[in-house]
Amino acid sequence: MSPAAQQRIFVALDTPEVERARELVTLLWDHVGGFKVGLELFISHGPSIVREIRDRGARVFLDLKLHDIPNTVAGAAAAAARLGVDYLTVHAGGGAAMIGAAQEAARKAAAESGVAAPTILGVTVLTSLDDAALKQIGLSGPARTAVVRLAGLVRDAGAGGLVCSPLEIRDARRAFPEGKIVVPGIRPGGAAPRTDDQARVATPAQAVNLGADLLVIGRPITRADDPVAAARVIAGELERAG
């Protein structure tokens, strides 16, 4: 299996159960590119689980979607950087000043700690939102238009990349050509019918062909009878996609 294909896959550890998270890391760390630690796991177990994953030599995508005043987000980004995480998310809707503060604080804290600075990723429009939901909350849409607008904001604020759904990858790439594009909402070809809260999805091959750099994949791997086999199937699909 191509290491390059494996490195595109970040497994979402969306569980409050630390033993289950540890089990998945032990099973998968040399079959995927890294692990996403989100709100559920981080709030349940805090920085210690991040350190455990880093101690295994695996990359960590800390997906906290920070959204607050610039000073508060800067402090949180600095703390995340000191943990040695590779990627950190902030909400693009927090504005350019907030994103810039996160970027600078993370860079400075990482330098002081002797670790590489995390890539700050601006979350554009959540994959659970469709055009009707955007209209309901008062965000000018449709989703494609909103993503392009926010991608430009993230780019100009100096972040390293963004998060968007598979359906907006091409538009996001045009708006932020040099940015790292991270894509959730991935469902492998031939997967069972969707019963979760993702509204805008694609297969791994479709996402990569559209221009995604990294894919965040949770349930299709973590809930599989054989998570390693599931990860290998997805890596194979990515390899064939080029």
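Quick note: the coordinates plus some simple rules give every number you see, no bench work behind them. In this text, all values refer to a predicted model and were calculated from it rather than measured experimentally. No Cβ is skipped: glycine too gets one built from the backbone with ideal geometry, and neighbour counts run over all protein chains shown.
Extension gain for Asp55-Ala116 works out to 20.5 nm (0.36 nm per residue, less the C-alpha to C-alpha distance). Relative to its residue count, the range 101-242 spans a Cα convex hull of 134 Å³ per residue.
Straight-line cross-link reach from Lys108 at under 24 Å between alpha-carbon atoms covers these lysines, not counting any fewer than eight positions away in the same chain: Lys36, Lys65, Lys180. Between Ala132 and Ala229, the contour length at 0.36 nm per residue exceeds the Cα-Cα span by 31.2 nm.
Counted residue by residue at 0.36 nm each, then reduced by the alpha carbon distance between them, the extension gain from Ser44 to Arg174 reaches 43.0 nm.
Across the range 147-163, rounded Karplus estimates of 3J(HN,Hα) from the backbone phi angles (6.51 cos²θ - 1.76 cosθ + 1.60, θ = phi - 60°) give 4, 4, 4, 6, 4, x, 5, 4, 4, 5, 7, x, 6, x, x, 8, 10 Hz, Gly and Pro being marked x. The Cα atoms of the range 3-241 cover 44, 41, 30 Å along the three principal axes, with the biggest extent listed first. Computed 3J(HN,Hα) for the range 167-176, one whole-Hz value per residue from the Karplus formula 6.51 cos²θ - 1.76 cosθ + 1.60 where θ = phi - 60°, is 6, 10, 4, 4, 5, 5, 5, 5, 6, 9, glycine and proline marked x.
Computed 3J(HN,Hα) for the range 79-93, one whole-Hz value per residue from the Karplus formula 6.51 cos²θ - 1.76 cosθ + 1.60 where θ = phi - 60°, is 5, 5, 4, 5, 6, x, 5, 8, 9, 9, 9, 10, 6, 4, x, glycine and proline marked x. Here the calculated FRET efficiency for Lys108 and Gln7, from their Cβ-Cβ distance with R0 = 25 Å, stands at 0.35, rounded to the nearest 0.05.
Working ranking of peptides 145-151, 235-241 by packing, defined as the average number of other Cβ atoms within 10 Å per residue, highest first, is 145-151, 235-241.
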